[in-house]
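First up is the structure itself, then whatever we jot down about it.
The values are calculated or read from the model by the stated rules, or taken from the named source; none is laboratory data. Note that the coordinates shown come from a computational prediction; the quantities given were computed from them, not determined experimentally. Cβ placement follows ideal geometry from the backbone for every residue including glycine, while neighbour counts extend to all protein chains displayed.
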Amino acid sequence: MQRVSFRLPCQSQQGSLCGNGELPSAADIDGLAWHFLGVLQAAMNLPQAGASGRVLRRVIDLGMSAWPLK
């Protein structure tokens, strides 16, 4: 299986995100990018699996709780 490489906007802007105080300097940008990609994929697939809007909002809220505090 071939590995696919991608860059999310927060990865390409790592210096500015950490430099302007939006993220702590020790933030794991790569890990955050993969985490939010997983949350996004789940959000796209949950309605097809029968999840209600309420469940979808809970999943997104929990996913966003991983965002590091300043």
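Hey, which of the helices (runs of 4 or more DSSP H) in the chain, taking only ones fully inside, have at least 3 residues that are at pLDDT below 90?
9-12, 14-19, 29-45
For region 43-66, enumerate the residues that are under 11 Å from the mean Cα position of the chain (by Cα) and surrounded by 13 or more Cβ atoms within 10 Å (Cβ to Cβ).
Ile60, Gly63
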